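Only one structure is covered here, and it is reproduced in the block below.
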Amino acid sequence: MPSDDSSVRDVLSHQSLKISRDDPGPRPMIAVLDARPGLAGQLREKIAELAAHVRREPGCLTFTAYEARDVPGPFYLYEVYASAAAFAEHLQTQPVHDFIASVPALSTAQPGSLVQLDEITVG
């Protein structure tokens, strides 16, 4: 997938990123990115750059990046946005577009690698 504006638009239009802006509750999600062989360091750098920007977004409640301890290559991004509207705004930022454009060269992840979560009510 080339890193151009059309491929970023394709990723942003994927079903896993579709949201209802009317959803007022927090929007938690997790993304799983597997680095291509030999590129874990470069992907780690891109994730760190993205995290630095996203954590400053007013609608971002949490953005924590994890790397698998015992297996090189898998990365897990745990994100929580204040609302679906905050997540939608996040998707429009330049750092997100830049990150999405860099992912195909560094990772085998597909748009479905991002999963929006709903909390299970307990008790």
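The values are calculated or read from the model by the stated rules, or taken from the named source; none is laboratory data. Computed from a prediction, not measured in an experiment: that's the story for all the values here. All accessible areas refer to the heavy atoms of the entire protein, side chains included, with ligands and DNA or RNA removed. Shrake-Rupley method; radii C 1.70, N 1.55, O 1.52, S 1.80 Å.
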| query | Which ³J(HN,Hα) values, rounded to whole Hz and listed in residue order, are derived for the range 46-62 from phi using the Karplus coefficients 6.51, -1.76 and 1.60 in 6.51 cos²θ - 1.76 cosθ + 1.60 with θ = phi - 60°, glycine and proline given as x? | reply | 5, 5, 5, 4, 4, 4, 4, 6, 5, 4, 8, 5, x, x, 8, 8, 8
| Alpha-carbon radius of gyration plus Dmax, which is the widest Cα pair, for the range 18-123 in Å | 14.0, 46
| request: Could you please put Ser83, Ser107 in sequence from largest to smallest accessible area, using a 1.4 Å probe? | output: Ser83, Ser107
| Whose amide H sits under 5 Å from the amide H of Ser83, counting only residues 5 or more places off or on another chain, with H placed in the peptide plane? | Arg27
| query | Which whole-Hz couplings ³J(HN,Hα) result when phi for each residue of the range 100-106 is put into the Karplus expression 6.51 cos²θ - 1.76 cosθ + 1.60, θ = phi - 60°, listed in order with x for Gly and Pro? | reply | 4, 5, 8, 4, x, 6, 9
